[in-house]
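What follows is a single structure, written as structure tokens, with notes after it.
No lab work stands behind these numbers, since they all come straight from the coordinates. None of the values given here were measured: they were computed from a predicted structure. Using ideal geometry, Cβ is built from the backbone for each residue, glycine included, and neighbour counts are taken over all protein chains shown.
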Amino acid sequence: MREFSIVIAGGGSTYTPGIVMMLLDNLDRFPIKTLKLYDNDAERQAILGKAIEIVLKEQAPQIEYLYTTDPEQAFTDVDFCFAHIRTGKYKMRELDEKIPLKHGVVGQETCGPGGIAYGMRSIGDMIELIDIMEKYSPHCWMLNYSNPAAIVAEACRVLRPNSKVLNICDMPVGTLRRMSQIVGLTPKDLEVRYFGLNHFGWWTSVKDKAGNEYLPQIRDYVAEHGYLTQIEVDTQHMDQSWQETHRKAKDLLAVDPRFLPNTYLKYYFYPDYVVEHSNPEYTRANEVMDGREKEIFSTAKRIIEQGTSKDSTFLIGSHATFIVDLACAIAFNTHERMIMIVENNGAIANFDDDAMVEVPCIVGSDGPEPLAQGKIPEFQRALMYQQVTVEKLVVQAYIEGSYQKLWQALTLSKTVPSAKVAKEILDDLIEANKEYWPELK
Ligand code: NAD
Ligand code: G6P
Ligand code: MN
């Protein structure tokens, strides 16, 4: 079987060890010749890099491996780039969350003003990464997880329309896993219909392969428990705050019980609730720094100290299955059905052609082919139009260096109460992001 060469961009990411473990678990269906890590923070990456080196020596010594901060070395002769970078790291995520909260507005990694600020930081680095990839390995595909995926995807559409970049999110698959538990099946048994934007969508059908519809059964469960399930097979989305988010889905469902909601709608439907239940001094970024980041890096340090991963190993990243499935779909033309972020072009019949939407696609060697989802109701359509316009304005503001457009984006966001508050948040965000954003005029 053909062997593939992979570079993981954002080698120092807390998700890197989980992805590597997932790749090791799948070598029979996705054989690897070379694995490289690439990051622009040498010190951070070296800790995970060294630990992974030890794991690979013990579990798959045949794989050629290196970690580097040199783009040429990283991107030469690779077939896939799995990208999950975070421009500004957790220090800036913390500010994305705390600055809006200071003004009484939702403080979130990808939604509202925090997501907009993160988007303004990510666009430049992502475009640079794509250009590096195309320079050294023109045939390479980038499977991109870097957030905020909606804004990054729109920037790719506008700035690099012909690049082989697929923008993906693990929330729909993660929630599908919960749905499959609710009905006593596995995610692979289920086929869904879904429409929306990234972190902003709805399931309209969840069927098994024989065509039996489970949506009413799942709906009854979600109306009572949200997506909280008894059996937990997720290594991600398990902290207390995530449990509350899964539970809150029941209140999202109540707004339109016809469809099953994406958990991220909570920030748009219940921003007042979210703000009331946030601690402006201790947000999700703090939770992650004190939790996942500490755990991953201390495990890595232990492996390095002991010179072996026998006693302390990394967990397989459950969300990484999606990446392996996607890489296989492209490599082996499997035509697997997967939810992806793609240019609409009629997939949602009554929505703009040039909007980046999230819909089920058939994925093969040429990438994703979106499946038609028909017409959507006016409530969802209006919400989506508002949100997709926010995302478009951010990308335009970035390209044009326009203060006006970024102010409009913030004003239009459903999470922000007025143009006045939008301006106050914007001025604080500009100050905090001086190192990262283009100058706005
Ligand atoms: P992290 O801060 O632990 O890791 C990000 C790494 O990227 C850091 O090591 C950092 O030094 C590196 N980096 C930053 N800019 C870079 C650049 N220009 N080139 C190379 N490396 C760069 O963050 P994390 O929590 O592990 O998350 C990583 C990314 O994955 C984030 O963007 C996060 O939002 C995203 N994510 C997305 C999904 C999804 O559904 N799409 C799911 C999980 C995580
Ligand atoms: C989900 C989303 C990602 C997001 C992540 C945040 O997986 O799909 O887009 O980055 O949650 O999780 P965290 O644990 O970092 O708050
Ligand atoms: Mn996501």
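What ³J(HN,Hα) values, in whole Hz, does the Karplus curve 6.51 cos²θ - 1.76 cosθ + 1.60 give for the range 59-70 when θ = phi - 60°, with x put for Gly and Pro?
10, 8, x, 6, 6, 6, 9, 7, 10, 7, 10, 8
Quick one, what does Rg over Rh come out to for the range 284-350 if you take C-alpha atoms and the Kirkwood Rh?
The Rg/Rh ratio comes out at 1.20.
Relative contact order (percent) for the range 183-280, with alpha-carbon contacts under 8 angstrom and 6 or more residues of separation?
26
Rounded to two decimal places and with Rh computed the Kirkwood way over Cα pairs, what is Rg over Rh for the range 85-142?
Ratio of gyration radius to Kirkwood radius: 1.16.
Using the count of nearby Cβ atoms within 10 Å as a rough guide to exposure, how do 385, 67, 221 rank from fewest to most?
385, 221, 67
How big, on average over all directions, is the shadow cast by the Cα convex hull of the range 313-370, in nm²?
The orientation-averaged projected area of the Cα hull of the range 313-370 comes to 4.6 nm².
Scan around residue 198 for amide H atoms under 5 Å from its own, H built in the peptide plane at 1.01 Å from N, and keep only partners 5 or more places away or cross-chain.
Those lying under 5 Å, H to H, from residue 198 are 358.
Tell me the Rg and the Dmax, in Å, that the Cα atoms of the range 49-163 produce.
17.0, 54
Between the range 158-179 and the range 304-376, what's the alpha-carbon centroid distance in Å?
5
Using Cβ contacts closer than 10 Å as the measure, can you line up 371, 383 from fewest to most?
Ascending number of Cβ neighbours within 10 Å: 371, 383.
Among 238, 21, 120, whose mean-square fluctuation peaks in a Gaussian network model of the chain (Cα, cutoff 10 Å)?
Residue with maximal mean-square fluctuation among 238, 21, 120: 238.
Tell me, what is the Rg over Rh of the range 133-201, with Rh the Kirkwood radius over Cα pairs?
1.09
For the range 1-124, what is the relative contact order in percent, using Cα pairs closer than 8 Å and at least 6 residues apart in sequence?
Relative contact order of the range 1-124: 27 percent.
Using every alpha carbon pair in the range 211-291, what percent of pairs falls into each 10 Å bin from 0 up to the bin containing the largest distance?
Computed distribution, short to long bins: 17, 44, 31, 8, 1.
Antiparallel as a % of all DSSP beta bridges within the chain, to the nearest 5?
50
With n ≥ 4 as the cut-off for DSSP H runs, can you work out [θ] at 222 nm for the chain, using -39500 (n - 2.57) per run divided by the number of residues, rounded to the nearest 500?
When only DSSP H runs of four or more count, the value is -15000 deg cm²/dmol.
At 4 °C and 1.567 mPa s, what whole-number value in µm²/s does Stokes-Einstein give for the translational diffusion of the range 379-431, with Rh from the Kirkwood sum over Cα pairs?
116
Apply the a/c threshold of 1.5 to the C-alpha gyration tensor of the chain and tell me whether it is rounded, prolate or oblate.
It comes out rounded by the Cα gyration axes.
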